[in-house]
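Let me begin by presenting the structure, written as structure tokens, before commenting on it.
The values are calculated or read from the model by the stated rules, or taken from the named source; none is laboratory data. Remember, predicted model here, so these are calculated numbers, not experimental data. Note that we place each Cβ from the backbone using ideal geometry, even for glycine, and neighbour counts take in every protein chain shown.
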Amino acid sequence: MLLAVLSGFLVAALAPLVHRLQPRFGGWLLALLPAALFIWFASHLRAVGHDGEVLLQSWQWIPSLGIHLAFRLDGLSLLFALLISGIGFFIVAYAGRYLEGHRDQGRLYVLLLCFMASMLGLVLSDNLISLFVFWELTSITSYLLVGFNHASKPARLSARQGLFVTVAGGLALMTGLVMLGMVGGSYELSELLTEREALTSHALYAPILLLIVVGAFTKSAQFPFHFWLPNAMAAPTPVSAYLHSATMVKAGVYLLARLQPALGGTELWTAVLGLAGAFTMFLGVFLAVRSTGIKRVLAYSTVMALGTLTMLIGIGTELALTAAMAFLLAHSLYKGALFLVAGIIDHETGSKDFLDTGGLGKAMPVTALFAGVAALSLGGIIPLFGFVAKELMFEAVLDAPLFSGILATLAVASAVMGVTVAAIVGLKPWYGQRVQTKKSPHEAPPALLAGPVVLATLSLLLGLAAPQTQSWLLGAAITAVNGAPVEKSISLWHGINLPLMLSAASLALGLLLYAGWALFRRGTRFVDLLAKIGPEQIYERSIDGITRLSAWQTRMLQNGYLRYYLMIILGSTIVLVGSQLFAFRDHITLLFDFSDLRLYEVVVAGVLASAVLMAVLTSSRLSAVASLGAIGFTVALVYVLFSAPDLGITQVLIETLTVILLVLVLFRLPRFIKLSPTHLRLRDAGLALAVGATMTLLMLSVNNTYYFPSISEYHIAESAPAAYGRNIVNVILVDFRTLDTLGEIFVLALAAIGVLAMIRFRAEDKDT
Amino acid sequence: MITLMSFLVGGLYAAAIYMIMRRSIVKLVIGLVLLSNAANLLIFTSAGMTREAPPLIPYGALAPEGAVADPLAQALILTAIVIGFGVLAFAVVLIHRAYEIVQADDMDQMKDTDT
Amino acid sequence: MNSLSLVLRTTGYFLLPLLLIFSVFLLLRGHDEPGGGFIAGLVAAAAVCLHLFFTDVPSTRKLIHIDPRDLLGWGLFLATVSGVPGVFMGDAFFTSQWVELTLPILGETKLGTPLLFDIGVYAVVIGTVLTIVLSLAEAEE
């Protein structure tokens, strides 16, 4: 399984090369990888899908933190893996034709394959941390794919919006997952899934659940985070079809489904997921009917589907989970097909809006036929698989233990408008009066048609073979989501019952609504006003706010005045050190002992103090340098007096060289001028004295405090026996702590080279 | 002596900070020199000040007789002195370069990076 | 700087070799008595600076033959290489290795990698100081 995940990244690295060698058939060649993966996953259908086995594989990654590269293939993972690799095959092939001749086509392949690998990693991960890593990888690849046309500003903004929303959710998710791992005592899903009782009764259950839900909602575009998804349609159509309908946006749903056995089944779970999902479902389909852009309608109907899935997982009954898996499969098939059809319309006619299309059926009969089939599934019409899923959904909603009334109302209303959307997609472009388009339409080439044809056909076949679909594919997935096998059997025909009647009613009402589509759009124009205060506005405002805040903060902190930087740093130092000294005042005794002073020491100290005063107060550069020399030599004397001959010698030599250096440079700078007014000088002097006082206090308190024995004892004892040296200071420098000294001489060399470079560059500047 | 040195080092720090906060770049350089002296003396004082007992071992012996001054602090300071010189040279040349370009001895006129 | 007195020039002329020899002495005895690579390097560099003060940059460059920048490189190289023998003797990098020799005049002598390291430090210190001072003096002229 590791290979299955990594192969995507490996092939992605080769993709630009393949593209360059085979610009025309590169898409087909690269599509071989998803095809191979699909076959590999399909080969597990009997063991995992039919017999319900669970494959586990694990590699050590960061064992000290309990993080493994653990993979798990059960029914749910298999369903997703098949969708990802299967649809991925058509998408890559489609992209080869759709963007033929595009400058950055090679990059598109790279990103698509990277995305596919990340998504596979996400659904196969058995470890929460690796799951999160792959989760973020899908966010990043999605960002790069939405911003694929990076020359266009709206595309860049949409990409950024999607990234911010999903990554902000990712942050919440990470917190939630880490908390989950700590509460559950393991980061392995296989262990967490068996600890439902302990997890749901834990005090941190609500925060964990809410954090994870925020992550899942942002990814799966649930209200109030739904707004990024329609904007993400700035991506090239194959990308929209793949990421933003069939796979990535389902990652949130996947996570909720995956954790259902561990965290689900509580009232909080049902309330949050069920209600938010139902509302998202209704809002999505409502906005879909209000839109006219082809991809926008599809995007909003994807929001509706994701809402439906969240709602069903929220309800959490066996029936609801069955419905969720069926709906998931149905939606991926028909929505993938429809998006690809939208791409064909764009590619063949140049139209991006339903109002600009009509009567295309004559020119593109095959496309029209299969678009119709997919739309029937979207509308939930017998005998398509979408019908099966919708019937199950009605059944589950009517059977819901909580909020059944609200959910059912919203579900029926959504179903009505869902039929309208299906009619818009399945009828509007193909029939009726011929609308003049930018390009004259032709039937699409095979690479573009393959996806819609196969996916739409599957919608039909799986519907006809509903019981087999369950026993081979869905059953194991439902078991994985439920945590235990489910008895409910799926079939196409349930007899005449309440769900069927609701379906029939919604079909009739939906078609009626389609007839009055234009009227409906005009009648609901008031909604645009609401959008002004909607979540998207809040997002825009907060992004602006953050930008302004950081600009303000940069102006305040990075103002270019060294003085103010110093004031902030030093002020904080004084406060931090001072408060600590104050807090521990009872444990600190200040050392006040002048008894051991000798006369010559007092003289040296007096000379040092007056030289310092001189250096500060003088208005002549020469006397400033002279007093620096005096300070240096006095310090050298201090070293010599207090048993540090090496330091004394070094200091004297350095002092000599410093004077030479200052003479060479300083006198080529202008004289001192008084630049600051007196009150500023006083302010600076106050701060400087405060720093000095802090340092003095610190030293007085430190010198009476010993927490542990000095390492010096070891150096003193071992210097002669082990290192054959009698000058312990030198032995430390060249033997005990050689690596430190090596670092220090490297710093010296760097300083010298820096000086050389600055002087040389100046010479070159003058030459030019 | 430690008490007296603590006050001296405090004074050195105060002088160094005051000089660094001046607008004149030459004063900034002087402040840097003061600051490195202050830091060295801080470490030296904190290691305890021992008279007439350098960390040397007499010829033929394996260990010094009696207690000696802390050699580790001295090793630290020795490299710090030399590096301090390197950094000072770098700073001085950098300041000189900046002065040549900006033609001003005023830190406030160097706050823009676009010149 | 050529206008300095004859006395200084003559003194400097004789002082330079003496100081350089003194610096080598400091370097070699550094392991046992006050001295060592840092101090010796500073003494040598100061000696050359003294020479610089009574002549000019080209003649100083000529005097020291080697470009101070190369000294930087050689010094870092020697210092780093002195850590390698330890690895071959099965110890950690930079573990010092010693050889005992009986030399004609010095008698029993211990030679070890720390000495090599100290020579590296010596070269780097000379290189640093001279690179800085010489390039500044050149800019001056």
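Structure notes:
- Filtering segment A:107-118 for residues that are surrounded by fewer than 21 Cβ atoms within 10 Å (Cβ to Cβ), part of a helix (DSSP H, G or I), in contact (Cβ under 8 Å) with a residue 60 or more places away in the chain and not β-branched (V, I, T) leaves a non-empty set.
- Residues located in segment A:586-623, provided they are among the charged types (D, E, K, R) and more than 11 Å from every other protein chain (Cβ to nearest Cβ): A:D586
- Test: residue in segment A:52-75 that is acidic (D, E), within 21 Å of A:T247 (Cβ to Cβ) and touching a residue at least 12 places away in the same chain (Cβ under 8 Å): yes
- All helices (runs of 4 or more DSSP H) inside segment A:584-685 with 1 or more residues being at pLDDT below 85 and within 30 Å of C:A46 (Cα to Cα): A:621-641, A:645-666
- Residues (without any contact (Cβ under 8 Å) to a residue 40 or more places away in the chain, in a helix (DSSP H, G or I) and surrounded by 11 or more Cβ atoms within 10 Å (Cβ to Cβ)) located in segment A:550-565: A:L562, A:Y564, A:Y565
- Residue match in segment A:264-286 (condition: touching a strand residue (DSSP E or B) at 6+ places or on another chain (Cβ under 8 Å) and either crowded, with 21+ Cβ neighbours inside 10 Å or within 19 Å of A:V388 (Cα to Cα) (or both)): no
- Elements of type helices (runs of 4 or more DSSP H) in segment C:59-141, at least 3 residues being among the polar types (S, T, N, Q): C:113-140
- Test: A:A688 is over 56 Å from the mean Cα position of the chain (by Cα) and either in a helix (DSSP H, G or I) or surrounded by fewer than 21 Cβ atoms within 10 Å (Cβ to Cβ) (or both): no
- Among the numbered conditions (1) modelled with pLDDT of 90 or more; (2) under 23 Å from A:P535 (Cβ atoms), the only one that A:A257 does not meet is (2).
- Residue that is nearest to A:D735 (Cα to Cα) [pool: residues in segment C:53-106 that are free of Cβ contacts under 8 Å to residues at least 40 places away in the same chain and among the aromatic types (F, W, Y)]: C:F94
- Residues of segment C:1-54 classified as over 17 Å from the mean Cα position of the chain (by Cα) and more than 10 Å from chain A (Cβ to nearest Cβ), total: 15
- The residue that is nearest to A:T589 (Cα to Cα), among those in segment A:691-701 that are among the small types (G, A, S) and either more than 8 Å from chain B (Cβ to nearest Cβ) or surrounded by fewer than 21 Cβ atoms within 10 Å (Cβ to Cβ) (or both), is A:S701.
- Test: C:P85 is in contact with a helix residue (DSSP H, G or I) (Cβ under 6 Å, 6 or more places away or on another chain) and away from every other protein chain (no Cβ under 12 Å): yes
- Flag for A:V665 being in contact with a Gly (Cβ under 7 Å, 6 or more places away or on another chain) and either surrounded by 15 or more Cβ atoms within 10 Å (Cβ to Cβ) or more than 10 Å from chain B (Cβ to nearest Cβ) (or both): no
- Qualifying residue in segment A:526-542 (condition: touching a residue at least 12 places away in the same chain (Cβ under 8 Å) and touching an Asp or Glu at 6+ places or on another chain (Cβ under 8 Å)): no
- Restricting segment A:726-749 to residues that are free of Cβ contacts under 8 Å to residues at least 12 places away in the same chain and more than 8 Å from chain B (Cβ to nearest Cβ), the residue that is farthest from B:L62 (Cα to Cα): A:A749
- The one condition in (1) over 16 Å from B:L32 (Cα atoms); (2) over 59 Å from the mean Cα position of the chain (by Cα); (3) more than 7 Å from chain B (Cβ to nearest Cβ) that A:S643 fails to fulfil: (3)
- Among residues of segment C:20-42, those that are farther than 19 Å from B:Q74 by Cα and buried (at least 20 other Cβ atoms within 10 Å of the Cβ), counted: 1
- Pairs, first under 18 Å from A:P401 (Cα atoms) and in contact (Cβ under 8 Å) with a residue 24 or more places away in the chain in segment A:250-270, second outside any helix (DSSP H, G or I) and hydroxyl-bearing (S, T, Y), C-beta under 9 Å, six or more apart: A:P261/A:T194
- Screening A:S542, A:S506 for residues that are among the hydroxyl-bearing types (S, T, Y), more than 14 Å from chain B (Cβ to nearest Cβ) and surrounded by 14 or more Cβ atoms within 10 Å (Cβ to Cβ) leaves exactly one candidate, A:S506.
- The listed residue being surrounded by fewer than 21 Cβ atoms within 10 Å (Cβ to Cβ) and modelled with pLDDT of 85 or more, out of C:P68, C:P114, C:P17, C:P104: C:P17
- Subset of segment A:423-439 [under 19 Å from A:V366 (Cβ atoms) and assigned to a helix (DSSP H, G or I)]: A:V425, A:G426, A:L427
- Of the criteria (1) surrounded by 12 or more Cβ atoms within 10 Å (Cβ to Cβ); (2) more than 7 Å from chain A (Cβ to nearest Cβ); (3) hydroxyl-bearing (S, T, Y); (4) more than 30 Å from A:V663 (Cβ to Cβ), which one C:T60 fails: (4)
- Of the residues making up segment A:244-254, one or more are more than 18 Å from the chain's Cα centre (by Cα), assigned to a helix (DSSP H, G or I) and either basic (K, R) or at negative phi (or both).
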